[in-house]
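The values are calculated or read from the model by the stated rules, or taken from the named source; none is laboratory data. All values reported here derive from a predicted model rather than from experimental measurement. Virtual Cβ from ideal backbone geometry, glycine too; neighbours counted across all protein chains shown. The accessibility values were calculated without ligands, DNA or RNA, using every heavy atom of the protein model including side chains. Shrake-Rupley method; radii C 1.70, N 1.55, O 1.52, S 1.80 Å.
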Amino acid sequence: MVTESEKSGMRYIEKAIHSFSEMLASNQKDMMTDFNRANKGELFVLHFLALRNAEVLPSELSAALRSSTARISALLGALEKKGQIERDIDKSNRRNILVTITDAGRERIEVEMTKIRKTMTQIFTEMGETDTEAFIRLFKRFFIISQKYMVDCAEDENGCRNGWEEQ
């Protein structure tokens, strides 16, 4: 049986995880560069497709993930080989390719998101409610401020690294 105190403790963790997830989802590429490298971006593509739950154009993925169409094409090829996405010709416009997530892709993203959620729960539990709320507040502030200084590498002729303008 869960006590009121334990419920209250879980509420702040749920709130923190939700806030953190919202921040990451709003700018996934910039916020999770290292994590992205580890999985070569596949999880972000699968997460986007799972959330969208509809056919998506590769150009939509490119825009949403702020990644080049060439990078998206490579990711889609890798995911298709693994059976986690399908690419089909759009019947209403044969020039377009439509991407959908498969059951295997949904299973992978569910497993990976469960791992991430478990890790975040452990971290926020160890930090405690006060520090977690302070972290979320400061992280949001950092994120908002960082947007002033971010440069979109796709438009930067100087070839910035990791989305940050080189000084």
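Values computed for the structure shown
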{"quantity": "Hits in region 95-106 (condition: part of a helix (DSSP H, G or I) and surrounded by fewer than 12 Cβ atoms within 10 Å (Cβ to Cβ))", "calculated": "D103"}
{"quantity": "Only listed residue being open to solvent by less than 40 Å² (accessible area, probe 1.4 Å) and modelled with pLDDT of 95 or more, chosen from T125, T132", "calculated": "T132"}
